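Chemist: The structure follows.
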Amino acid sequence: MTGGMRPLELMPAEARRRVEVALCDIDDTLTTNGRLLAASYAAMERLRQAGLIVLPITGRPAGWCDHIARMWPVDGVVGENGAFYFRYDQAARRMIRAYWLSAEQRAADRRRLAELEAHILSAVPGSAVASDQRYREADLAIDYCEDVEPLPDEQVARIVALFEQAGAQAKVSSIHVNGWFGDYDKLSMTRRLLQEQFEIAPERARDTAVFVGDSPNDAPMFAYFANSVGVANVRAFEDRLTARPAYVTDAAGGEGFAELAAALLDAR
């Protein structure tokens, strides 16, 4: 396991001044108890007004991400744990969509995931298909605590194991276990988005982007970005993180994101 999880106040002012991109998970990072707070929404707006690029990096579905890219104060969004990125061109009134896999491959994968869905629900009593599944294009989301009674850790681990036994990737968020076929994750598609849409090379992004998240599926991002941050509730997953964030906020959820935004803006 890597990372130090030092208090956010220990992030050097010079490092905060260098930040040009704010990457943020959504569930339990921008949101608190399932709701998007005014404070975190306003923090995104303030970051953009200060000239930062703001990009949510989420496991949430394509249908939600279309809305987010169009209507939130953001510059694009990575969804379904790296299956795609969307960016809305306001001037051209055009949505730019880039997928990791072809439409044909995604269709084939959905058929395989439908079979796996039935197997997982039968093998893990109390689990359910996530309520946002109908809006997904590339992955299968199994709910373990969002709209169902929270499952014990061993049952969550069982869901992960069933995905992996079928040859799928599986990542645990704060609410779902997401599974998919394909060699991608949040980090790979984030790097592609930054390069293709903003001409920011991976080496530059490592030191000039901040990522903030809260759960095990954020571990690749925590490991890659020098100035990675966890909101305070990341501590609940500390023993399941393969990589820890470099810093952690005092506040949880959306208030933690607002705390980070204030720290970045104060340094400027």
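Chemist: I want to check the label-to-label distance for Arg240 and Asp89. Put each point 7 Å from Cα in the C-beta direction and report it in nm to one decimal.
Modeler: For Arg240 paired with Asp89, the spin-label model returns 4.1 nm.
Chemist: What does the helix-only formula give at 222 nm for the chain: each DSSP H stretch with n ≥ 4 adding -39500 (n - 2.57), the total divided by the residues, and the result rounded to the nearest 500 deg cm²/dmol?
Modeler: -12000 deg cm²/dmol
Chemist: A follow-up question, please. Could you compute the net charge surrounding Gly34? Neighbours are other residues with a C-beta less than 9 Å from the C-beta of Gly34; K and R count +1, D and E count -1.
Modeler: Within the 9 Å Cβ shell, the charges total -2.
Chemist: If contacts are Cα pairs under 8 angstrom and at least 6 residues apart, what is the relative contact order of segment 188-262 in percent?
Modeler: 23 percent
Chemist: On to the next question. Please give the helix 253-267 orientation as an angle from the longest Cα principal axis of the chain, in degrees from 0 to 90, rounded to the nearest 10.
Modeler: 30 degrees
Chemist: What FRET efficiency would be calculated for the residue pair Glu164, Arg268, taking the C-beta separation as r and a Förster radius of 41 Å, to the nearest 0.05?
Modeler: Efficiency for this residue pair is about 0.40.
Chemist: Using +1 on the beta carbon of Lys and Arg, -1 on that of Asp and Glu, and nothing else charged, what's the dipole of the chain about the Cα centre, debye to 20?
Modeler: 800 debye
Chemist: For segment 95-160, what is the relative contact order in percent, using Cα pairs closer than 8 Å and at least 6 residues apart in sequence?
Modeler: Rounded, it is 28 percent for segment 95-160.
Chemist: About the Cα centre, and with charges only on the beta carbon of Lys, Arg (+1) and Asp, Glu (-1), how big is the dipole of segment 114-207? Nearest 20 debye, please.
Modeler: In total the dipole reaches around 240 debye.
Chemist: Write down the percent of antiparallel bridges among all DSSP beta bridges whose residues are both part of segment 112-268, to the nearest 5.
Modeler: If we restrict to bridges inside segment 112-268, about 70 percent are antiparallel.
Chemist: May I pose another question? Treating the beta-carbon of each Lys and Arg as +1 and of each Asp and Glu as -1, no other charges, what is the dipole magnitude of segment 37-179 about its Cα centre, to the nearest 20 debye?
Modeler: Value, rounded to 20: 700 debye.
Chemist: Okay, moving on. Using alpha-carbon pairs under 8 Å, 6+ residues apart, how would you state the relative contact order of the chain in percent?
Modeler: Contact order relative to length: 27 percent.
Chemist: Another one. First check a/c for segment 135-221, with a ≥ b ≥ c the square roots of the eigenvalues of its C-alpha gyration tensor; if it is under 1.5, answer rounded, and if not, answer prolate when a/b is larger than b/c or oblate otherwise.
Modeler: Prolate, since a/c reaches 1.5 and a/b exceeds b/c.
Chemist: Rounded if a/c is under 1.5, else prolate if a/b is larger than b/c, else oblate: which is segment 93-139, with a ≥ b ≥ c the root eigenvalues of its Cα gyration tensor?
Modeler: The shape class here is oblate.
Chemist: Could you pull out every residue, at least 5 positions away or on a different chain, whose amide H is within less than 5 Å of the one on Ile96? Hs are placed 1.01 Å off N in the peptide plane, and Pro or chain starts have none.
Modeler: Arg87, Tyr88, Asp89
Chemist: Measure nothing fancy, just the Cα-based angle from helix 103-123's long axis to the longest principal axis of the chain, in degrees from 0 to 90, nearest 10.
Modeler: Helix 103-123 sits roughly 70 degrees off the main axis of the chain.
Chemist: Which ³J(HN,Hα) values in Hz, rounded to whole numbers, follow from the phi angles of segment 135-150 under the Karplus curve 6.51 cos²θ - 1.76 cosθ + 1.60, where θ = phi - 60° and Gly and Pro get x?
Modeler: 9, 8, 10, 10, 10, 10, 10, 9, 7, 10, 6, 6, 10, 10, 4, x
Chemist: Another question, then. Can you tell me the orientation of helix 38-49 relative to the chain, as the angle in degrees between its alpha-carbon axis and the longest Cα principal axis, to the nearest 10?
Modeler: Once rounded, the angle reads 60 degrees.
Chemist: Also: Which percent, to the nearest 5, of DSSP beta bridges fully inside the chain are antiparallel?
Modeler: Approximately 55 percent, going by the DSSP bridge assignments.
Chemist: Hey, another quick one. So, taking all protein chains as they sit and a 1.4 Å probe, how much accessible area belongs to Glu164, in Å² rounded to tens?
Modeler: Accessible surface of Glu164 is approximately 110 Å².
Chemist: Could you tell me the center-to-center distance, by alpha carbons, between segment 178-231 and segment 56-77 in angstrom?
Modeler: Using only Cα atoms to place each centre, the spacing works out to 16 Å.
Chemist: Can you tell which of Ala128, Val177, Leu116 lies farthest toward the positive end of the dipole of segment 103-189, using +1 and -1 charges on the Cβ of basic and acidic side chains (Lys, Arg; Asp, Glu)?
Modeler: About the Cα centre, the residue reaching furthest to the positive side is Leu116.
Chemist: Another question about this same structure. How far apart, in nm, are the 7 Å Cα→Cβ label points at His67 and Cys145?
Modeler: Calculated label separation equals 2.4 nm.
Chemist: Gln195 versus Gln49, label points 7 Å from Cα toward the beta carbon: distance in nm?
Modeler: 3.5 nm
Chemist: Right, here's the next one. What does the C-alpha gyration tensor say about the overall shape of segment 61-111? Classify as rounded when a/c is under 1.5, otherwise prolate if a/b is larger than b/c, or oblate.
Modeler: Verdict is prolate for segment 61-111.
Chemist: Let me ask something additional. Restricting attention to segment 176-254, which GluC sites (Glu not before Pro) occupy a DSSP loop and are surrounded by at most 16 other Cβ atoms within 10 Å?
Modeler: Glu199
Chemist: Something else about it: If you plug each phi of segment 244-250 into the Karplus form 6.51 cos²θ - 1.76 cosθ + 1.60 with θ = phi - 60°, what whole-Hz ³J(HN,Hα) values come out, in order, with x for Gly and Pro?
Modeler: Computed from phi, the couplings for segment 244-250 are 9, x, 5, 9, 9, 7, 6 Hz.
Chemist: How much of the DSSP beta bridge set in segment 1-130 is antiparallel, as a percent to the nearest 5?
Modeler: Of those bridges, close to 70 percent are antiparallel.
The values are calculated or read from the model by the stated rules, or taken from the named source; none is laboratory data. If you're wondering where the values come from, they're calculated on a predicted model, not measured in any experiment. Because the Cβ atoms are built from the backbone with ideal geometry, glycine has one as well, and the counts that use them run over all protein chains shown. To get the accessible areas, we keep the full protein, side chains included, count just its heavy atoms, and leave off ligands, DNA and RNA. Shrake-Rupley method; radii C 1.70, N 1.55, O 1.52, S 1.80 Å.
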